[in-house]
Structure formats: C-alpha cells, structure tokens
1. In nm, what is the difference between 0.36 nm times the number of residues separating residue 154 and residue 222 and their Cα-Cα distance?
2. Size of segment 256-376 along its principal axes in angstrom, Cα-based, largest extent first?
3. Assuming R0 = 45 Å, can you tell me the calculated FRET efficiency for the pair residue 61 and residue 373, based on Cβ-Cβ distance, to the nearest 0.05?
4. Which whole-Hz ³J(HN,Hα) couplings does segment 364-370 yield from phi under the Karplus relation 6.51 cos²θ - 1.76 cosθ + 1.60, θ = phi - 60°, glycine and proline marked x?
5. Can you list the residues of segment 63-102 with backbone N under 20 Å from a point 7 Å past the Cα of residue 48, pointing along Cα to Cβ?
6. Tell me the Kirkwood hydrodynamic radius of the chain in angstroms, computed as one over the mean inverse distance between distinct C-alpha pairs.
7. Placing unit charges on C-beta atoms (Lys and Arg positive, Asp and Glu negative, everything else neutral), compute the dipole magnitude of the chain about its Cα centre in debye, rounded to 20.
8. Report in % the part of the accessible area of segment 238-310 that belongs to carbon and sulfur, leaving out ligands and nucleic acids; probe 1.4 Å.
Amino acid sequence: MMTEVSLSQDGDVLTLQTAKGPLRFHAIWLRDNAIDGATRDASNGQRLITLADLSPETTLSAAEVTGDQLTLTFQPDGHCVTYDVRWLAENAYDRPQPRDAGQLADGVEAWDGALNAAVPTGQYPALVADGTARRDWLSALRRYGFAKLTDLPVEEGNLYKIVDLFGYVRETNYGRHFEVRTEVNPVNLAFTGLGLQAHTDNPYRDPVPSIQVLSCLDNSAAGGENMVVDGFACALRLKAENPEGFDLLAKYTARFSYTGSAGVKLQSRRPMIELDPDGTLRGVRFNSRSIAPLTDIPFDDMQAYYAAYRQLSDIIDDTAMEVIFKLEPGEAFVVDNTRVLHARKGYSGEGSRWLQGCYADKDGVLSTLAALEETA
Ligand code: FE2
C-alpha cells in the first residue's frame, strides 16, 4: 500500500495512514525525535540538542513520501528531516493506553502454586555456551520473577558466575556476598534454623536490591526447602478480594528500617504495593521483620490499612500461592526482589545447610535480555 500522510491545517499534527488505521504525531514530537546528524549522534544515537534549541511554535509546512521514507519540513527554522515510516509506526503513541491499577507489564505473568509443575530452570553450562538458552532463561526470569539454575560447579563463590550471565554484583553492608548458615549468635534471623515467612529482602534500602541470587553448596539437613511466592499475584488477589485495601497499600507509604549492625541505620519510606503512574504493578515490598512504625497513614485510614496488610499477609501465607523446591549442591535460584517473595522452611540441626547469597540489579537482566532478543 502506498504510504499516505496528511497535515493538519495549522501544521501541528501529521497523520500517517497505516494498515491498522491512522496514527497521529505532533510536530514538536517529530522534531524532537528527528533522526538526522544534526539532532542525534550517528554512532551512539544520543541526542545532540536540548528542547531549548527547538521553537515552542514548531509546526510542519510540508510532508513528502518516497517509498518508505517520509521527509518533513519544519517551521520556523525550515529544518528538513527524513523518517523511516516503519520506525514511526513502531514508535507511535496514538494508540489505546490502558490505565488499570494492577495491570502487568508486557512479558510479565502472575502465578501461583500451579507453577510447581513447571519451575523455570536453566542448566548453567548451556546458559554460558548458548545465547538462545540464556535468552530463554532470562525471559523466564522476567516473566515469572524467579528462575532456578542447575549444574553449577560446587565451589565457593560460584554465585559470581551466575551474576556474570546478566550483570554486576551490588555490594552492600552485608558484603559482596553473604553466607547463609546457622550461627550461634545470629545478628539476623536468616542465619538461624527457624522457618521464615516469605518476604522481599532489604526493603529498608532505597533503591532496594532488585535481584537476589542464592546458591547452594551444602544441604544435607532435613527440611530447609526454599519457597517463592509471587508478590504480584498476591497483590492482584488482594485487589479482587478487597479493592479498597489494595488501594490503601498502594496509596500510602510504609516504612522499613534495619539497625542490626554498628554504624548502620538503613531506612526507607515506600509503599507495600507500588504502581507506575499508569497503574502497572512495579513492585511489592513485604518483610514483617524489618517493617518500622507506620506513620504515613492518616488516623482515619489506619484501621483499614492494617486490615489490608493482614489480608495480604494471609494471602502470602496461603500454601496455594507457593512454589517449593529443595536446592541441591550445585543448584541456585535467582529472584526478582522487587516482586517475588522468598522463604525458607524450617530445618533440623542434623546435617548442615550452606548457601551463599548476593544482590545484583534487574536493569542488567532486562538489558542483557533485550540485547539477546535482537541477536540470539
Ligand atoms: Fe531473605
């Protein structure tokens, strides 16, 4: 089909006819997104101008189509720019943009205990050798917020090899990595043999560590299974059962703190359920051990807020929501700590259990995945 375009009478808007219908673009948007050597660096794609370089009265005076190329003339400066029509269609914003509170981003899927039948898992040697396998594993990590690995070398520090698959370690006051095993004088409940309620790690940090890696080196004690719960699925279930409660947990900031070591006083002020401005679920923070006094909820809403908090806690504790697996030495799992809660079942003193953990950043996961999606 021949590409057809038209300009509005005042030159403010271009309309591009496509097989899926008309797409409108504002003159100022087109001018700001010009792909020419004067506007963007040809090698790295970075913009060379600021908005102050463009007239606030930018309009279009001419539009000419040659094949897939569209050449536009802007006023008042008479600047001419050529666009690829396919690029315009791919970047169009004149489309339905849903704004439902609790909607999920593309490529993200909520899950419950049914996922026990298909725990996303990758074999470490294959993930190293094969870009397609790595892409699929990272895609599962994006979709479900967690993924297992098997066939790692059983050696101290093997968790760094995992992080090398997608990014960089995020060091904290717990170190570059931390050891998870029984200690006589625990400074943190994670190092004892008690079972733990499912939680997200370190909600008292802002930004929170967005990826956690836990790698198993020894697991001969009875029990001690790992459990994960989808915070997004729990939030959506709360919304279905108690929409006002969902709104309260999204609307008000909770507070979290950690002061367990000398010289450390970590504090954050973020909602338990975090939404993007368009309502997309962005994150869940839940950790009964490190929640601080809640002081950002008005008196009149506190009772209902606590009821919603308890209801979310009950949903998280519902065994129908959990996926359980016992890690063997040489196995590990990676969790999106902005979304998926993790827990450990209690274990006995017989035998031993040794895991190493570290944090990393989710933007590295998404960046590596996006690059692999273009090439692998
Ligand atoms: Fe934890």
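The values are calculated or read from the model by the stated rules, or taken from the named source; none is laboratory data. All figures in this text were calculated on a predicted structure; none of them were measured in a lab. Please note: Cβ atoms are built from the backbone with ideal geometry, for glycine as well, and neighbour counts cover all protein chains shown. Quick note on the areas: whole protein, heavy atoms, side chains included, nothing else; ligands and nucleic acids left out. Shrake-Rupley method; radii C 1.70, N 1.55, O 1.52, S 1.80 Å.
1. My answer for the length gained is 22.5 nm.
2. Computed over the Cα atoms, the extents are 51, 49, 40 Å.
3. 0.70
4. x, 4, 5, 5, 4, 5, 4
5. Inside the label zone: 71-84.
6. Across the chain, the inverse of the average 1/r is 23.7 Å.
7. 960 debye
8. Here it works out to 49 percent.
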